[in-house]
Every structure is written in structure tokens, then in C-alpha cells.
Amino acid sequence: MKKALSIFTLLLLMAATMQAQEKKPDWMRWHYLSEAEMYDTSRGMNFVETDPPTGEPRFVAEFEPMQGVMIRYPLGIPTSLVAQLSNNCMVYCIVSTSQQNQAQNSFQSAGVNMSNVTFVNAPTDSYWVRDYGPWYIFEDREPAIVDNIYNRPRPNDDNISGVFANFWQIPMYGMNLQHTGGNMMEDGRGHGVSDDLVLNENNHNETNVRNKMRDYLGIDPYHITIDPQGDYIAHVDCWGKYLAPDKILIAQLPQSNPRYQYYEQVAEYFETTNCCWGYPYHVYRVQEPGGYTLAPYTNSLILNKTVYVPMGSNSTYNNDAIAVYQEAMPGYTIVGVNGGSAGWENTDALHCRTRGVMDFHMLFVDHRNVLHGEQEWQDSIPVVSKFIAYSGANLKQDSLLVYYSIDGGAYQTAHMTATGNPDEYVGYIKGYQGESEIDYYVFGADESGHRYTQPVFADLDPHHFTMAAHEPPTPQGELVITPDTLWFTQMGQERQFNIINETNEAVTIIDVVPEAPSFNLWDNTFPYTLQPGETLTVTINFQSAPGKDTYIPYEILVRTTLGDRIVMGMVLNTSLDSGFVIVGAPVLEFNDPGDSPQQACMQNRFFGSQIPVKVLSVTENGTDYLSFEPHGTLPYTVEPADYFYLDVYVNAMVKGYEVTTFTVQTDQNDCTYSVAINEDLLSVTELSAEAKLYPNPTTGQFTVEGANVSKVEVYNLVGQKVCEQQGSKTVNIDAANWHKGIYLVNIIEQNGAVVTKKLVVR
């Protein structure tokens, strides 16, 4: 009391030195107590205590959606600001009946949007509606008001909570604590902050204060700090402010200021205290010069996506304050507001003289188990959130989403589905690697048109975490893909390949990525975890219209946790080739030596020059296990646009070779086919030595190694020889300039044996 009296005396002495025209009327200086009020014991004379809410209370934060803002007339803010507020939301103006016409005329003259103004008739004692106005909560899904004993002996102000409970026709609960709105900030998720004024005014009964805040408002934990400002008012909004559930703004004074250490003490407290999402608060500092220089920057009003910041008397500090808000609240509009004729004070500014009215029909996105820091490795990670539509409207099930970005890439979406718990949904982030950096946010919408994100800044300042390094165990066995070549001859054609996990560990198929944009994946969602022994069938659909006859190879990349695999997609070319060309597949497949013959077909495409082609001979390359029956006696002349047909047989005694080739020789160019025989016929043990090929896949040089290598021939999948090199024990071949894809490497030994291996070039 002595401290309060000395401050009051000092203020009276300061006021006495002012010129008469500058002296403020009483109603403009009563934010602090007058001497008479200091001895007035009538606080809360009309207060009625009630039991706390029976439902779960949620004290809504200032940065949540607001349907309106409360002010009082006569004003404590410029009418130009009222005009701005009226274009943001509804303005609820408390005014006596006798002064309503005056208020209306003043607003109209200032360009206020009168369709967004509602007058609420009631007597008041002051314009500090922040301090005495109602505390809006949700009780479960319904709006309600919590009233407290206003810590000023101003009965008209203290009645305003009841006025608005009647205005809205919503319940009001009486919480038997002396308190004030300027000394309360909350995050909307159960955390709250006040300085120790709340203990001083409630008999220092900390247990009672904390219990009341928990039972009536749902505030737990309740952070009670020192008052770093050390001024008469002891209101938290004079030095700090919640900007988001994990962001707090705290003023900072020069080190020379005697109060500097107290501000730093509060800042350090929050820098080392966890927010509701499980990690320490991000503390932003706004510089104030201290002393009598006006700098009321924390006393701002957040209203939907706009922040109205009271400006001080130093333009440099003003600009710096705006910049701090812009950094902390990306995507928001930051508006500097001058005090006008009423003026701001360091202990009384814009926030003190306004109060938001929560949107009774908001959509609340409540994702509590926020992913942050380093997360232990898992193939997919769940994001769990509640969605509460206070409007009572249904949620849009297709608009409950997790947006996520991996390592700075484009945002992807994961749809969220119900978990079975009330209002709870889950979506999964997938497709990352070990040590990936992941940004994400949660989005929801309901049928009433309400939308919301968490964080509210969405992709401008999302949640962030790092996935731990992944060191999967080395599995024993192979990941088998069969077949490894798909042939497409017409639009809409489907082909399938199987991925068989023959290892002893689970293998994740991360993705299947076709090189050609005209390939579509059907019926598969990736990532997909393939258990040991399990088979996954992947269906590929070719959507583009093919051209004629000649195949073009495309890669279908299969990304797995065991490394990448390649399946070739062979698609008919969309333009006609020139020359003597193979028509159809350049690979003939046999399952048994007794199979019916396969037919090879070639065409003379010298259309422009009208050159005839003479087929001279058909020769098997390096083996003698095929026989041929041309449709015509060789040499055979093929006129332009005509076809040449050849029946190919596998001899009954063939064994030991998976793939061989033969060449149709002409007087213009040659055509080479590959012939694949069922691997059940293989007998590689008869070869004189095991030939090796490495590395495979390769991006450049590869090596063929064997004891008796005579020659190495390499063919692409359309039967064209791309390389031939004489042998030795080690043959190095440079494939750096080859087209990526699959090649057949014939390793011909000195005894005539041929080993054919598949090579993947990336």
C-alpha cells in the first residue's frame, strides 16, 4: 500500500506541473487507482460465485478466430481505429443509452462501417474493457463466460460480464478471484501467464488461485512470474504477449536501465520452459528505450490475421517493433496505430482498451503431440489431431489433411482418418529417408465454411522435425523382381510385375516411379512394407496412344530400402523408323524346347527412296541351338513396305544358355534378335569358369572378369550391338555415354561357351 501511495503522490506532482489545457480528466487517468479507490472496499459488491463448469473449459486465446471486438464509448481509441476494426469484424460498442446517438454520429463521420457495429447499452466507469470485460470460454462445445471480481471498485465496469452473458444468452460462471484481463494471457490449450499481482490480490493463497484457474478456465499449468516492469499497474500485457501457443513476445530494455535484469529473468524463464507442444517457447524481444519515452509495443491487439500495434514516440523503435511482429507472425498484416487524442501510455494502450470476442462457431484444430526435434526412425510417422467444429456442422472428411514437405521439397498431402476416439483423426507422413528434415502443418474444414490450420502460419512457419538416421539390418537373400521387362503395344494396356521379398527382413518399397509420364500406377500405395516371403504385384497402365512397330525402352524405377531396381517398359514408337527394321518384340521367349516356333517379323521401310532389301542369311551368334525357317527362299527380296517372316525353333538338345542371339543379314543393314529360354534348362556348371560382371548397376565403367574370356559383346534390348571388345582375364568397358537402361552382355569364352548377363546402366 505504501508503494502504491508513493506512486500516486508522484503522479499527482507530475500532473500539477502541467499546463491546465494538458491536464487529463479523471476518467483518463483512472487505470491506476485514485486515492479514494485505494481505500474503497466495495470491490465485487455485485459478484455472485457459482460452481465451476461441469464440462471441460477451454479459455480461448487472443490469436484464435474472433467474431468481433469490444470497445467502450466514450472511446479510449481513435475513431480512425474503430473504422479499421469495423472492416475486420463486428465491433461491439458498450455505450449508455443517452450517448448512443453521439457515438453513432462520431463513427459515421469517421467512416466506420456501421453494418459491422452493434451497440450494447450499459453504464460503465472507464474504457478499460480488457480489464473488466468477460472472459470467453468454451464449455465442451458451447460458449460461456467466466466472471471474476474486478480488481477495481468500479461497479458498472464489474457488471459488464453479466451484461454480455445476457446479451449472448449464454451461461456465466462466477470465479471467486480478484483478477483483471490485462494481467492474463492464455494460449488456448490450457497454458496461462500472469504476474504475481494475482497472488498479492488473493491473500497470497497460491493453491487456491491455481485451483480456481484450472477448474473455471482449464488453465494448467499457470505461469506466475515477477512483474519486471515494477510499475503501479502490474499487468502482463505491459511487458509480454502470447503470439502463438509456442511464441511469446517480451519487451527488452537497455542494459543501463535498472529494470533490465528483471525483464531478462522473465525472458530466460520462458526460454527454458516448455510450451504446450513440448519444447521451449520461442521468445521474441521488442526493444523499448525505457524511462518516459513512449514505447507500448506489447500492448497490441491481435484480431484474426491482423495485429494492431500501438506506436510510440520514437520512429526507429516503432519500425523495429513492426519488424519483430512481422518476423514472429508471417502471413499476418501488421498495422501501426497512433494514439490520437486519447493517447497511449507505457502502462495503458491499445490492448487495455479493447477485447476480442471469440468466434462461437470456430473450427478448432488441436494437434497436441507435435513432432519436433529428432524422431526415432520409423517407416511412417503418425500425426494425430482433434478437429472440433463448434458450429455443430459436420467435418469435411476429404479436407482433414496433413501437409508435409521433405527436405525442402514440394508439399504433399496425407488424408486423415478417424481413430475411433472422439473428434480424433490420424494421417501419416511417409517417403522420407534417414536424417530427412520435415516441415508439416495440419489443416481442417467443416461444412459451415470454417477452416483452420495448426500452426496458424501454415507453410510460412510450420512444425518441424528431423527423422533419425536409418541403418536397416543387412538382410540375407534377394529382392526378386519378375518379369523385369514389360511390353506395351496399345493404349490402355496393363502389364504387371511382381516384387518378391526373399530376404529374412522386412523391405520397404518406397516408390515406383515410371520414366514416361504416360505410365500410370494402379492399386498401389507407397511406401509399402514387404514382409519376408511376401509378394507385391504392381500394375502399370500405358495411357498414351502408340505409333507403329518399333519399341522404345523406358525405365520404371523401383525405389526400395535395399537400393533401386529397374524394370524396363518397352513401348511402341510413335514415329516410323527408316530402313530394314524389326516389327514387334525384339526378344523371343521359349518356355520349353518343344514349344511351337516363335515368329520374327521385319519390314522394309525405305519408303521415300524405294530401295528393295535383299535378305542374305540368318546366323546364330556363337551357338548352334536354334533352327530357322524363312518364309521364302534366301536370298529373298523385300520390296518397300513389304514384310519378311522367319520361324524360329529351339533344338531339343539345347541346354546351358539362358539367352542367345541371331542376326538376319541383308544387303542394307542387319537385324539382331535375342532369344530367351526358360531358366529351368540352364546348366551353367558345364562352363569352364564362372564369369563375373561388376559393378552392376553402373553409371560409367564396368568390368568383365573371367579366366578364359575370348570376347565380350553387349546388346541393347532391341537387339542392337552397342559394344564388342576382345577379351582377356579382365575387360574394362566404358558405358558412361550409353543410354540408361538394361543391356545383355554376352561373355564368350575361348571354348565357345557363352555366359549372358544382364547389365543395368543408370
- Message: List pairs: first residue in region 371-400 and without any contact (Cβ under 8 Å) to a residue 60 or more places away in the chain and among the aromatic types (Phe, Trp, Tyr), second residue open to solvent by 30 Å² or more (accessible area, probe 1.4 Å) and part of a loop (DSSP other than H, G, I, E, B) anywhere in the structure, Cβ distance under 7 angstrom, at least six positions apart or on different chains.
- Response: PHE387/ASP423
- Pairs with Cβ under 9 Å, 6+ apart, first in region 525-540 and open to solvent by 60 Å² or more (accessible area, probe 1.4 Å), second small (Gly, Ala, Ser): GLN531/ALA506; PRO532/GLY477; PRO532/ALA506
- Task: Starting from residues that are in a loop (DSSP other than H, G, I, E, B) and aliphatic (A, V, I, L, M), keep the ones in region 284-322 and report whichever is nearest to ALA251 (Cα to Cα).
- Result: ALA295
- Message: Residue under question is ASP140, and the condition is that it be open to solvent by 10 Å² or more (accessible area, probe 1.4 Å), at positive phi and not small (Gly, Ala, Ser); does it hold?
- Response: yes
- Task: Would you mind stating whether ARG559 is over 30 Å from GLN496 (Cβ atoms), in contact with an Asp or Glu (Cβ under 8 Å, 6 or more places away or on another chain) and at pLDDT 75 or above?
- Result: no
- Task: Return the only residue of ARG368, ARG353 being closer than 30 Å to TYR325 by Cβ and in contact with a Cys (Cβ under 8 Å, 6 or more places away or on another chain).
- Result: ARG368
- Message: I'm checking my understanding of the structure. Among residues of region 629-657 that are open to solvent by less than 50 Å² (accessible area, probe 1.4 Å), in a strand (DSSP E or B) and at pLDDT 85 or above, which one is nearest to THR756 (Cα to Cα)?
- Response: VAL648
- Test: PRO78 is closer than 22 Å to TRP344 by Cβ and touching a strand residue (DSSP E or B) at 6+ places or on another chain (Cβ under 9 Å): yes
- Query: Taking VAL581, is it open to solvent by less than 30 Å² (accessible area, probe 1.4 Å), modelled with pLDDT of 75 or more and within 59 Å of the chain's Cα centre (by Cα)?
  - Reply: yes
- Item | Selection count where residues are small (Gly, Ala, Ser) and either part of a loop (DSSP other than H, G, I, E, B) or without any contact (Cβ under 8 Å) to a residue 40 or more places away in the chain (or both), scope region 164-218 | 4
- Task: Would you mind stating whether HIS372 is in contact with a strand residue (DSSP E or B) (Cβ under 7 Å, 6 or more places away or on another chain) and modelled with pLDDT of 95 or more?
- Result: yes
- Task: For LEU521, indicate whether it is modelled with pLDDT of 90 or more and in a strand (DSSP E or B).
- Result: no
- Determine, yes or no, whether TYR625 is surrounded by 13 or more Cβ atoms within 10 Å (Cβ to Cβ), modelled with pLDDT of 80 or more and closer than 30 Å to GLN750 by Cβ. no
- Task: Would you confirm whether any residue within region 128-145 is at pLDDT 95 or above and under 17 Å from GLN99 (Cβ atoms)?
- Result: yes
- Query: Taking region 449-473 only, how many residues are among the small types (Gly, Ala, Ser), assigned to a loop (DSSP other than H, G, I, E, B) and closer than 18 Å to LEU401 by Cβ?
  - Reply: 1
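The values are calculated or read from the model by the stated rules, or taken from the named source; none is laboratory data. These numbers were taken from a predicted model, which means no experiment stands behind them. Neighbour counts run over all protein chains shown; Cβ positions are idealised from the backbone, glycine included. Just so you know, the surface numbers come from the protein's heavy atoms only, side chains and all, with ligands and any DNA or RNA stripped out. Shrake-Rupley method; radii C 1.70, N 1.55, O 1.52, S 1.80 Å.
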